[in-house]
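The values are calculated or read from the model by the stated rules, or taken from the named source; none is laboratory data. None of these values were measured; they are calculated from a predicted model. Cβ placement follows ideal geometry from the backbone for every residue including glycine, while neighbour counts extend to all protein chains displayed. Each accessible area value is taken on the protein alone, full model and side chains, heavy atoms only, with ligands, DNA and RNA left out. Shrake-Rupley method; radii C 1.70, N 1.55, O 1.52, S 1.80 Å.
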Amino acid sequence: MEQAQTYRCDGCGSEYRVRGEPQPKVVCRNCDREATLCGTVAAQRAYHVGYTRYREARRQLSDALSTVEDGEMTLARGSFDNAATDFEASVEEFTTAVREADNDRLSDQSERARKKATCLWQATEWLSGMTFASEQGETDQATTYRQDAENRLQAAKEYGTVSRPDEVLQTAEVETRTDA
């Protein structure tokens with residue numbers, strides 16, 4: 001069965017329900033601007049992209065921490081910077097998922113993922129600063145940055161595990177069926 005998707009005009013805010021082609025180009029009849037996907041489908045798509053970027057950032061963060069242990073601060077800083085970029089992108093996607101979610105469970109899971117990714121993003125930025133300070137011989141500053149990063153890593157633990165997109169989809173479907 002085809003599922004209708006909702007698109008919202010980026011100009012005037014008009015909404016359109018579309019069936020058929022998975023990613024049609026929808027042009028607003030009121031203002032001739034292109035409408036973008038919105039609602040639960042958009043939230044799920046944003047969550048999926050955010051999760052993918054989040055997982056890549058976690059991998060890069062782990063690699064960078066291993067590189068620090070090996071004493072390669074310059075290489076570690078590059079990995080921390082790449083991880084920070086991916087964490088930032090995941091935060092943006094999770095924020096979109098929160099905004100577009102039509103049900104509380106999807107919104108709550110997206111918000112928790114956004115908060116965890118934000119903490120890790122901040123920690124990664126501090127760790128990048130730590131490597132730079134270490135390279136410059138500023139050991140007190142490096143220690144301060146490391147402590148700040150450890151505080152953000154500890155805060156990230158409060159948000160638990162970021163759910164896989166298929167788990168989020170199942171939860172959203174269960175809520176939709178129970179609300180019907």
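The table that follows gives values for the structure above.
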| item | result |
| --- | --- |
| Residue count, the range 73-104 (criterion: of a type in the set (A, V, I, L, M) and closer than 30 Å to E138 by Cα) | 5 |
| Residue check for L106: in contact with a Ser or Thr (Cβ under 9 Å, 6 or more places away or on another chain) and in a helix (DSSP H, G or I) | yes |
| Residue check, T96 more than 16 Å from R59 (Cα to Cα) and at pLDDT 95 or above | no |
| Tally, over the range 92-119, of residues that are closer than 17 Å to V168 by Cα and touching a Leu at 6+ places or on another chain (Cβ under 9 Å) | 4 |
| The range 111-170, residues that are among the hydroxyl-bearing types (S, T, Y) and either open to solvent by 70 Å² or more (accessible area, probe 1.4 Å) or more than 17 Å from S62 (Cα to Cα) (or both) | S134, T139, T143, T144, Y145, Y159, T161, S163 |
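Per-residue answers, yes or no, for (1) acidic (D, E); (2) surrounded by fewer than 18 Cβ atoms within 10 Å (Cβ to Cβ):
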position	(1), (2)
H48	no, yes
Q60	no, no
V68	no, no
G71	no, yes
L75	no, yes
A83	no, no
F87	no, no
F94	no, no
E100	yes, no
